[in-house]
Every structure is written in C-alpha cells, then in structure tokens.
Amino acid sequence: MRNDPSAVVGEAPLERILIRADSGSHADPVAEFRGVERVYRMGNQEVRALDHIDLVFRKGEYWSIIGPSGSGKSTMLNVLGCLDRPSKGLYELGGEDTGLLDDDALSELRSRRLGFIFQSYNLIPQLNVLDNIMVPLLYQSNPPKDGEERARHLAGRVGLQDRLDHRPRELSGGQMQRVAIARALVNDPDMILADEATGNLDSQTSREILNLFDELHKEGKTIVFVTHEAIVSERAERVLVMGDGRVCEIRETAKEPRA
Amino acid sequence: MLHKLRSGLTTLGVLFGTSSVIAMLAIGEGASAQAQEQIKNMGSQNVIMRSVKPLEDQNQGSQTTRILSYGLTQEDRERVEVNFPSVGRVVPSRLVTQEARFEDRVITQPRIVATIPDWLTVSGREVSAGRFLTESDMSGAKNVCVLGTEVARDLFLFANPIGKRVKLGADYFDVIGTIEPRMRFDSDAPGAGEETTKELFIPLPTADNWFGNMNMSRRAGSFNAEEVELHELLIGVTNIDDVIGIANASREMLDRFHDDKDWEVVVPLELLAQAEKTKRIFNIVLGSIAGISLLVGGIGIMNVMLATVTERTREIGIRRALGAKRRDIVAQFLVETVVLSVGGGLFGVALGLLIPKIVQWYTDMPTLVTLEAPILAFTISAGIGVLFGIYPAWRASHMDPVDALRHE
Ligand SMILES: Nc1ncnc2c1ncn2[C@@H]1O[C@H](COP(=O)(O)OP(=O)(O)OP(=O)(O)O)[C@@H](O)[C@H]1O
Ligand SMILES: [Mg+2]
C-alpha cells in the first residue's frame, strides 16, 4: 500500500488497478451500486459519465473519490445523493431500491438520510445562520421537535455560536462551509456527501474543515467526499480513483484504525 | 421579498385593476340606480298616456295667429274606462299656464296640475300637511290648491302656507295642503330623484271654469294658442301582470282614434326592463374593460415571478437537494404571488371605494358601491395571482436539481 501523499493516484497504470469494490467488512451497507451507468446523450454523441459501476459503501466508512476532471466524480456523488438517477443499473440506499421511488419519496430520502456539502457552500442568502442550518428539517414529513436546539448545538460545534443571526454574506468562506457542515448534520444523516468541499478554501481553512470530517468519522458517520487533490484524498480511509466514468482503483490508506 | 421596489410596482398593476373594477361598477350602478328610481317614481304599476305636440307644419309658419289643437281628450278617457275592465283608476290631468303669486313673491312658470283626488294614490305621493283634493272640491269646483314642496318654500319661505291664498293668474286659491317631494334614492347624491318641477295642484273642474283648455303664449310678435283637453291620463293598473297588455292596447286604441301622432304612452315597467338591460350591458362593458386591466396586472405578476424564479434557480436547487418536494417549491412561490396580488387587491379595494366618492364629489354623478363589487374585485385579483403564479411556480418545481445547483 502506497503511503506517499504526493503520488499521482489518478493516473495509475491499468495493470496495477486493484478493484475491491466492497470492503467486505461486517458493517451494514448504506449505499450499493450494481451495474450503475449514467449516460448523457447530446445529439448523437454519448457521454458515459458513469460506466458500469459496482460498489458498496458501508456504515461508518470514510471514502474519498479522486480522479481527473470529467471522470465522473460529481456524477457519482449526485447519484449517491439521489439528486440524479442512474440510466441503467441498480442503486440501493439503506436497502431500498431507489429506482422504484418517485420524486417525492426521493426528496424525503434526501431530507432524512443524506447530508450535502458543496464547493460553493450553497447557503440560502436571505436566511440567517440558524435558519440555514434548519432547512433540511423544514421539509421532513414529521420534523423533530428539538430542531432548533439541535441546530444551535451544531452551530456551537462548528464554532459559530456567536453568529447565529448573521447572514451568509457576512461570513468568510470557511465560516460558510462550517454552516453547511452543521446543516448537513442537522438531520442526523446515514451518509454525508461532500463535493470539493475545500475547493474554494485556503490550505489552513481546508485543514480545519478536514479535521471536522475526521472528527465526524471518529463518531461513526459515513462520509464520502470528492476532491481532486491527492493529499486531501489521503485523509479518507478508502480512496476511490475514477477515470473516464470507471472505477480505476480503490485503495485503503495506511491510517491507524479507528478506536 | 428581495426586491421591494419590483414587488411594489407589480402590485400597482393589480391595485389599479381592482380599483377600476370597483369604481367602474360603482359609477355604472349609480347611474342605473338613479334611472331606475326615477322610473319607479312614475309608478311601476302605471301606464301613462301623454299629449305630445305634433311636429309643426312648415307652411303655417307665416301665420301670426294660430290655434293649435291636439292631444288626449275626455273621449279617450271614457274609452279607457270602458274598454279595460281590469283597470283600477284613470286619472286625467291638464296643465295650466299661469303665474303663481303670494304677496310680492312670484313663480313665473309653475307646473299647475289640474286633476282629481285619485291622482295622489295612483302617483304614489303623500301629503305632508293638510289634505289633498277631495270629491267636494270637485263637485263644488272650489278655488283650492295643494302645493308642492318647492312652491311652498318659494312663496312662503318657512311660514305655514295652509289657509293662505295664492293668486293663480287673476284668481285666488285657498291653500289646503302640501305634499311630500318625490322620494330620493340616495340622500348623498345631489339632484338624485329630486323634484325638478315646481308643482301645485288644483281641481280639474275649477280649471275648466277659470282657464278653459286654452293656453296662450306670445313669441316674437306672433300669438300662439294651444288647445289641449287633457295633458295626461294616468292609468293605475290593479294587477301588475296586466300592465304590458294594457299599454299595448292603449297604443292601439290611440292610434286608431287619433289622426296625428299627438300622444305617447309611457310605461315605467317597460322602461324599467329596458333600464335593467342597459345596465347589464353597461356592466359587462365596464367590467370587461376593468377586467382587462386586472389581466394586465396579472401578466405583470407572472413576468416578475418568472424573473424571480430564474434569479433564484440556485436557491431552488439547494432546497430541492436538502429535501424540498416539488409541492414545497410550488407552495413557496405561489404564496409569494398570492401575497403580491392579494396585497394589490386589498389596496385596490380601498382605492376603489374612494374613487366613486371623489367622482361624486366633483361631478355630482351618483355612484353606488354594491357589496358584491369589492368582493368580486378582490376575489378576481387573488384568483389572478394564483392563476398567473401557477406557471412560474410549476417551472420552479420542475427544474432538475443538479442543473439548478450549477446555475450561476
Ligand atoms: N448535464 C450534463 N449534460 C451532459 N454531459 C454532462 C452533464 N453533466 C456531466 N456531464 C459529463 O459527464 C462527465 C462527468 O462529469 P462530472 O461532472 O461527473 O465530472 P467530475 O469528475 O465531477 O469533473 P470535475 O472534477 O471537473 O468536477 C463529463 O464528461 C461531463 O461532460
Ligand atoms: Mg465535479
């Protein structure tokens, strides 16, 4: 197992590809891809953003997805997050075949089981910090009664207890991303999905955010994050290397096993 | 509401639409209510036959003295009484052209109506003081008179006229009573339904004795006289269902016995139906014009909402990603449009209630705000908000979340 963070993992020669799509641990699967394809058709041109992918994400696992631009990382995350549907194949979330669910049911899944963190933070500009954190609860069919309490607690956890009634435009990038993390946690999701969460941040701030991810992982959260920086991908326990819509390699980083 | 100015301007469209619906209906209703009241004052159960001066012959113009004889006659009266058994009462009257005088006060052109006691009940008027003409006034051809409110006021100011003597032409008449003016339909509206003529009443036989059928007038050196037996036959029909039949029969009868068209038959009931029809057309036309302005307001709202949806595409993507269902997005935008249109509608109702008052104040045009008008206008404006909000909201809810999230 390589341990050199500067290695260009995305361009591993084909013969060295080692595919272990399932860690095979005894933890329950959270998300499962079976023969998933996502094909974009533009005129008579076809783009296979995801090309026959078999994968199992298990509870408590800490994944990073890396690969060159256009390799299908975001597409993978969108399908995982039920924002997009596979063109072909099966995607199960928490044992449920998402292909059988309608738009409303998928929305409900998103609000209950998933937490999203985006590169550009994606906070709602007219809402203050507290309200932004509470947005996912707004759309649950029976939201928890302690929602506000939870949101306050999470804001405290990401160090924003003094900014609860600030608007996003009054915050720095790092602070906005912390709000987004608190928002991703407020519904106690089965899986946290982050697409280039540190892409807009300086290295110091990125480190703080990644430290937060590490902490969440230690608490047993399932995390999948996309990055194009090898050094960042090494923070995860399992690194998924993508190329051209395919899984090129899955590596386990040599990190001390979690307690 | 991110854009207060834009929302405000949009709301104006609905505001003016709503207020113009109300104002237009109020003006239309006012005009027709006035017309209807005037018609009802003639008595909806009455048929009125009137003498009409026939069109003058051109070659008679050179004559310096002529007597023109036309109009209804006592024979017409008898024919009505004989031919129409269901008729309740037939009231003849003749107009007398004389000055009215009390001490040094003069009314040069009063409307002196020579008639019979039944006039009061058939015309539906009421005595305010003293009494109206009676049978004994008739049989004795007494020199008595009953004054209308205006005549009483002009001749006697605020003194009690009863028992005083009024001079009509060369003769003195005892004042025996006064009658109430015609009912006004809206005390706010100046001129509405008010008595416009200076009426006073004398017994018909008295008029026969003193003034005859001849009314004389001098004009530009020539001397004209008109001979009219009866100016009006007021027919009080007992059963309202017979009114139209009797009106038609009266026209036929007069047509047969009069060579000239020196008469007319006025049927308040027919006029009422006509007025109602006119009012309906009037309301439809005014309502449509106002409705179009509401429509324009609605299109304005739709325009702004479409812009808002585009502007907030990203927010829609975020909300969808975080679990908002399509109906949550629809609701969010629909609520916003309804707030805009209902806000405009409410201010519009307020302005719409104000405009008729202003119009009435400045133009003396009677206006009438019915309860339905603001309710109708408000409902339409809110409905338009929903209607024109549906499409933008639908568009927002059917965006692809991934695309929406990528939107700049
Ligand atoms: N809406 C779309 N329509 C057509 N093609 C698309 C669409 N979205 C993605 N693609 C194509 O699918 C492929 C994978 O795109 P994806 O966004 O998943 O790449 P990525 O790995 O996230 O790249 P990056 O690192 O630049 O974000 C690309 O070739 C892209 O052109
Ligand atoms: Mg991407």
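The values are calculated or read from the model by the stated rules, or taken from the named source; none is laboratory data. Owing to the predicted nature of the structure, the values given are computational and were not obtained by experimental measurement. Neighbour counts run over all protein chains shown; Cβ positions are idealised from the backbone, glycine included. Only protein heavy atoms, including side chains, enter the accessible area calculation; ligands, DNA and RNA are left aside. Shrake-Rupley method; radii C 1.70, N 1.55, O 1.52, S 1.80 Å.
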**Request:** Kindly indicate whether any position in the stretch A:55-64 is within 16 Å of ligand 1 (Cβ to nearest atom), touching a helix residue (DSSP H, G or I) at 6+ places or on another chain (Cβ under 7 Å), closer than 30 Å to A:Asp202 by Cα and open to solvent by less than 50 Å² (accessible area, probe 1.4 Å).
**Result:** yes
**Item:** Criterion violated by B:Ala324 - all others in (1) in contact (Cβ under 8 Å) with a residue 40 or more places away in the chain; (2) buried (at least 22 other Cβ atoms within 10 Å of the Cβ); (3) within 14 Å of another protein chain (Cβ to nearest Cβ) satisfied
**Value:** (1)
**Message:** Quick check on A:Val47: is it within 9 Å of ligand 1 (Cβ to nearest atom), modelled with pLDDT under 95 and either open to solvent by 20 Å² or more (accessible area, probe 1.4 Å) or not acidic (Asp, Glu) (or both)?
**Reply:** yes
**Asked** So which helices (runs of 4 or more DSSP H) stay within the stretch B:111-183 end to end and still have 1 or more residues that are of a type in the set (D, E, K, R), open to solvent by less than 20 Å² (accessible area, probe 1.4 Å) and under 30 Å from B:Gln45 (Cβ atoms)?
**Response** B:135-139
**Asked** If the Cβ limit is 8 Å and pairs must be 6+ apart or interchain, which residue in the stretch A:180-196 that is within 16 Å of ligand 2 (Cβ to nearest atom) pairs with which residue that is aromatic (Phe, Trp, Tyr) and in a helix (DSSP H, G or I)?
**Response** A:Ala194/A:Phe213
**Request:** Go through (1) in contact with a strand residue (DSSP E or B) (Cβ under 6 Å, 6 or more places away or on another chain); (2) on the phi > 0 side of the Ramachandran plot; (3) within 13 Å of ligand 2 (Cβ to nearest atom) one by one and return the number of the condition A:Gly89 breaks.
**Result:** (3)
**Prompt:** Residues of the stretch A:213-252 being within 21 Å of A:Pro29 (Cβ to Cβ) and touching a Pro at 6+ places or on another chain (Cβ under 9 Å), which ones?
**Reply:** A:Lys221, A:Thr222, A:Glu237, A:Met242
**Request:** List every residue pair whose Cβ atoms lie under 6 Å apart, where the two residues are 6 or more positions apart in sequence or sit on different chains, the first residue falls within the stretch A:68-81 and is within 9 Å of ligand 2 (Cβ to nearest atom), and the second residue, located anywhere, is open to solvent by 20 Å² or more (accessible area, probe 1.4 Å) and of a type outside the set (Asp, Glu).
**Result:** A:Thr75/A:Arg38
**Prompt:** Do we have B:Ile246 as open to solvent by 70 Å² or more (accessible area, probe 1.4 Å), at pLDDT 85 or above and either aromatic (Phe, Trp, Tyr) or out of contact with any Leu (no Cβ under 9 Å at 6 or more places or on another chain) (or both) here?
**Reply:** no
**Prompt:** What are the residues in the stretch A:105-119 that are crowded, with 24+ Cβ neighbours inside 10 Å and basic (Lys, Arg), if any?
**Reply:** A:Arg110
**Message:** Being closer than 30 Å to A:Asp202 by Cβ and away from ligand 1 (no atom under 15 Å from the Cβ) is the filter here; which residues of the stretch A:66-116 pass it?
**Reply:** A:Leu114, A:Gly115
**Asked** Can you tell which of A:Gly159, A:Gly99 is assigned to a loop (DSSP other than H, G, I, E, B), free of Cβ contacts under 8 Å to residues at least 24 places away in the same chain and more than 9 Å from every other protein chain (Cβ to nearest Cβ)?
**Response** A:Gly159
**Message:** If I filter the stretch B:221-231 for residues that are β-branched (Val, Ile, Thr), without any contact (Cβ under 8 Å) to a residue 60 or more places away in the chain and either in the same structural domain as B:Ser86 (by TED's automatic domain parsing) or open to solvent by 70 Å² or more (accessible area, probe 1.4 Å) (or both), do I get at least one hit?
**Reply:** no
**Prompt:** Which condition does A:His52 not pass, out of (1) in contact with a strand residue (DSSP E or B) (Cβ under 9 Å, 6 or more places away or on another chain); (2) within 11 Å of chain B (Cβ to nearest Cβ); (3) at pLDDT below 95, if it passes all the others?
**Reply:** (2)
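Which residues, counting only those in the stretch A:139-151, are crowded, with 18+ Cβ neighbours inside 10 Å and assigned to a helix (DSSP H, G or I)?
If the condition is that a residue be crowded, with 18+ Cβ neighbours inside 10 Å and assigned to a helix (DSSP H, G or I), then A:Arg150, A:Ala151 are the ones that fit.
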**Residue in the stretch A:30-52 that is nearest to the chain's Cα centre (by Cα), counting only those that are β-branched (Val, Ile, Thr) and more than 16 Å from ligand 2 (Cβ to nearest atom)** = A:Val30
